[in-house]
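Here's the structure we're looking at; comments come further down.
The values are calculated or read from the model by the stated rules, or taken from the named source; none is laboratory data. Computed from a predicted model, the values in this text were never measured in an experiment. With ideal geometry, Cβ positions are generated from the backbone for all residues, glycine too; neighbour counts draw on all protein chains shown.
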């Protein structure tokens, strides 16, 4: 019998089956369900219509307020009511994993901070970038309306996907980050290049990556139609999790003779910073070929690039320098833990002295909840998508790149290769 991928093994375990094959439909029981605030009214309505008044297991459910932080704002005018309804629900249900204002973080980063996604486990959520948690060897599957059924019954049907294998080698030069690696892969694949498939990453470059970088690598894969992304856990992951949780888990690994639908190899030695230009996240160009693009707004943050390492490289570039007059730079740590660490390392002081604005952890600018763009404005951002109207006006432009590029661009007022500030 041929070997199995990590994805197939996790689906088999969570479905109480000896083995599964791609294309097979299974009923699987998630180990953790995470729900965020914007979709709660629709989820709650569906949950009530199911006819049960109890969640299936309050110990396996977490709620995070992360999109509307703090409550208010035109993008979600009823956020006060939504937040209060969530508070009442978790109290009535006895759900202890509730991350309210003050404890909040972007759900995917918070799940990493609190070790909610563990190796070998099936993790489901109601936000598309939940694929980030594949960095921990967890099968992280975003759902939509089906979340209410999982909340009530604790199980859901899945079609076992095929898996693509990406082997990555080479040393990244200064100013090039995991964001550029996945941007290059996605651009090569195209919008449907991984349709309903798992993307499994391996190779010496991935092994050398920090946990933050691995989360970024797994974060954007829905853009190319992928079901999710995953990395086999190594000692770096196990050490991180064992310092944060006493929950038991059994790491799962792909067999050496596992069958993959496609195999790809990448050498990223000569990769340079990439920029996704309007109108979508796959309209990618190397920063050196972009031409002169002026910006008046810059944003470092989001679940894609709001980790502590992202803030460190931004602070390194900004330290002792000022944001260019006419440019507004916003820095948003991805969780309270990241915010605290940035404060302890003096990064927040660097940002303040550079005349950037630091906001509370949350999704905020990424979806236009805070500081929405106005007609004719151009923003360079380290976030996930740049479709028309994502961050405000339909007549604004959004460019996406890694946080080093964003920081450098805030200093010059135009999209800039950070190498000039970092050196070789």
Note: among 346, 376, 392, 413, just one is under 27 Å from residue 278 (Cβ atoms) and surrounded by fewer than 16 Cβ atoms within 10 Å (Cβ to Cβ), namely 376
Sole exception among (1) part of a loop (DSSP other than H, G, I, E, B); (2) touching a helix residue (DSSP H, G or I) at 6+ places or on another chain (Cβ under 9 Å); (3) modelled with pLDDT under 95 for residue 389, by number:
(2)
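Rundown of residues vs (1) surrounded by 15 or more Cβ atoms within 10 Å (Cβ to Cβ); (2) over 25 Å from residue 196 (Cα atoms), yes/no style:
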| residue | (1), (2) |
| --- | --- |
| 220 | yes, no |
| 237 | yes, yes |
| 247 | no, yes |
| 270 | no, yes |
| 275 | yes, yes |
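Report, by residue number, each residue of the stretch 320-343 that is under 22 Å from residue 379 (Cα atoms) and surrounded by 16 or more Cβ atoms within 10 Å (Cβ to Cβ).
Looking only at the stretch 320-343, we keep the residues that are under 22 Å from residue 379 (Cα atoms), and these are 321-334.
The answer is 321, 323, 324, 327, 328, 329, 330, 331, 332, 333, 334.
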Just to verify a result, which residue in the stretch 39-65, among those that are surrounded by fewer than 19 Cβ atoms within 10 Å (Cβ to Cβ) and outside any helix (DSSP H, G or I), is nearest to the chain's Cα centre (by Cα)?
39
Being in contact with a strand residue (DSSP E or B) (Cβ under 6 Å, 6 or more places away or on another chain) and without any contact (Cβ under 8 Å) to a residue 40 or more places away in the chain is the filter here, so list the residues in the stretch 204-229 that pass it.
204, 206
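Each row is one residue, and each column tells you yes or no for (1) in the same structural domain as residue 224 (by TED's automatic domain parsing); (2) closer than 25 Å to residue 283 by Cα; (3) crowded, with 24+ Cβ neighbours inside 10 Å.
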residue: 130; (1), (2), (3): yes, yes, yes
residue: 140; (1), (2), (3): yes, no, yes
residue: 145; (1), (2), (3): yes, no, no
residue: 190; (1), (2), (3): yes, yes, no
residue: 193; (1), (2), (3): yes, yes, no
When you go through 266, 260 one by one, which is the residue that is out of contact with any helix residue (DSSP H, G or I) (no Cβ under 6 Å at 6 or more places or on another chain), part of a loop (DSSP other than H, G, I, E, B) and surrounded by fewer than 21 Cβ atoms within 10 Å (Cβ to Cβ)?
260
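Quick check, is residue 236 over 25 Å from residue 259 (Cα atoms), assigned to a loop (DSSP other than H, G, I, E, B) and assigned by TED's automatic domain parsing to the domain that holds residue 112? Break it down stepwise before answering.
Numbers: over 25 Å from residue 259 (Cα atoms): yes; assigned to a loop (DSSP other than H, G, I, E, B): no; assigned by TED's automatic domain parsing to the domain that holds residue 112: yes.
No, not satisfied.
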Answer with yes or no whether residue 317 is within 22 Å of the chain's Cα centre (by Cα), part of a helix (DSSP H, G or I) and either buried (at least 16 other Cβ atoms within 10 Å of the Cβ) or without any contact (Cβ under 8 Å) to a residue 60 or more places away in the chain (or both).
no
Unmet requirement for residue 185, which otherwise passes all of (1) outside any helix (DSSP H, G or I); (2) in contact with a strand residue (DSSP E or B) (Cβ under 7 Å, 6 or more places away or on another chain); (3) in contact (Cβ under 8 Å) with a residue 24 or more places away in the chain
(1)
Flagged in the stretch 301-312 as under 17 Å from residue 421 (Cα atoms) and surrounded by 24 or more Cβ atoms within 10 Å (Cβ to Cβ), in numbering order, are 310, 311
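Going through 26, 34 one at a time, which residue ends up being outside any loop (DSSP other than H, G, I, E, B) and closer than 30 Å to residue 256 by Cα?
Values: 34 fails: closer than 30 Å to residue 256 by Cα.
Only one candidate passes the filter, namely 26.
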